[in-house]
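Below you'll find the structure, written out as structure tokens, and then a few comments.
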Amino acid sequence: MKTALIHGLSTCLLVLAAFTACAETLPPGVMRINGTAAPALQLDNIDGEAYDLEATHGHWRFVHFWASWCGPCRKEMPSIARMATTLGEGTLEIILVNTAETEDEVFTFLGIVAPDLLPLMDTDGQVTEVWQPRGLPATYLVDPSGRIQYQALGGRAWDRPVYLEFLRDLGTPTPQND
């Protein structure tokens, strides 16, 4: 009986180890989530131009909620600007959603740290409320079909190689077994 129990536990541990080895390796702080449909996101950017997430299917989207009063957001924003420059256009769409601030506050902050980024303005915080981030900054990676596949809570250096490689790989099709 004891031998069978030990053998059974050993087998379970081997299966668990094999499963863990096959699990997706993600950069620090990036979590895979269940692929639920992304909530609605319809806002104007700081220049007053309308944006609708639903209309941008077909490619990956980096949806990032932030505010200039948020310390980690202030530290992270320059790395997002460098990430955007490094990745270039076409890799993924970068959507920055400023949460409940005025255009003057946002313009002043970004003018200093990331002048080339064009944020969406959630001036009343209602869109942020629908997305329900557990704090700021919060990033959601939305797949080409409009489903949230990954989430990162808190600030990170998005311009580091581990994150850049991960983001580039999102757009790479996975081989299909025929």
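Bear in mind these aren't lab numbers, they're just calculated from the coordinates by the rules spelled out. What you see is a predicted model, and the numbers here were worked out from it, not measured in a lab. Note: ideal-geometry Cβ built from the backbone for every residue, glycine included; neighbour counts use all protein chains shown.
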>> Report the gain in length on full extension from Ile112 to Arg82: 0.36 nm times residue separation, minus Cα-Cα distance, nm rounded to one decimal.
In response: 9.4 nm
>> Suppose each label sits 7 Å from its Cα in the direction of the beta carbon; what would the Asp44-Glu89 distance come out to in nanometres?
In response: 2.4
>> Quick check on segment 29-170: take the gyration tensor over C-alpha atoms, sort the square-rooted eigenvalues as a ≥ b ≥ c, and tell me if it's rounded (a/c under 1.5), prolate or oblate.
In response: rounded
> How large is ³J(HN,Hα) for each residue in segment 49-61, as worked out from phi by the Karplus curve 6.51 cos²θ - 1.76 cosθ + 1.60 (θ = phi - 60°), to whole Hz, x for Gly and Pro?
Replying inline: 8, 6, 9, 9, 4, 4, 7, 10, 4, x, 8, 6, 10
>> Just to check I understand the Karplus step: with θ = phi - 60° and J = 6.51 cos²θ - 1.76 cosθ + 1.60, what whole-Hz values come out for segment 92-103, glycine and proline as x?
In response: 7, 8, 9, 10, 9, 10, 7, 9, 6, 10, 7, 4
>> Amide H of Val97 versus every other amide H placed in the peptide plane: which residues, excluding those fewer than 5 positions away on the same chain, fall under 5 Å?
In response: His64, Phe65, Trp66, Leu120
> Tell me, what are the semi-axes, in whole angstrom and largest first, of the equivalent ellipsoid of segment 38-115 as set by the roots of 5 times the Cα gyration tensor eigenvalues?
Replying inline: 20, 17, 11
> Non-local amide H neighbours of Arg147 (under 5 Å, H modeled in plane, Pro and chain starts lacking H): which ones?
Replying inline: Ala38
> Residues with beta-carbon under 13 Å from that of Ser145, excluding Ser145: net charge, scoring Lys, Arg +1 and Asp, Glu -1?
Replying inline: 0
> Computed FRET efficiency, Cβ-Cβ of Asp124 and Thr25, R0 41 Å: what is it to the nearest 0.05?
Replying inline: 0.55
>> I'd like the trypsin sites (Lys or Arg not before Pro) in segment 107-169 restricted to DSSP loop residues with at most 15 other Cβ atoms within 10 Å, sorted by number.
In response: Arg134
>> Please state the shape class of segment 87-129: rounded when a/c is under 1.5, otherwise prolate if a/b exceeds b/c and oblate if not, all from the C-alpha gyration tensor.
In response: oblate
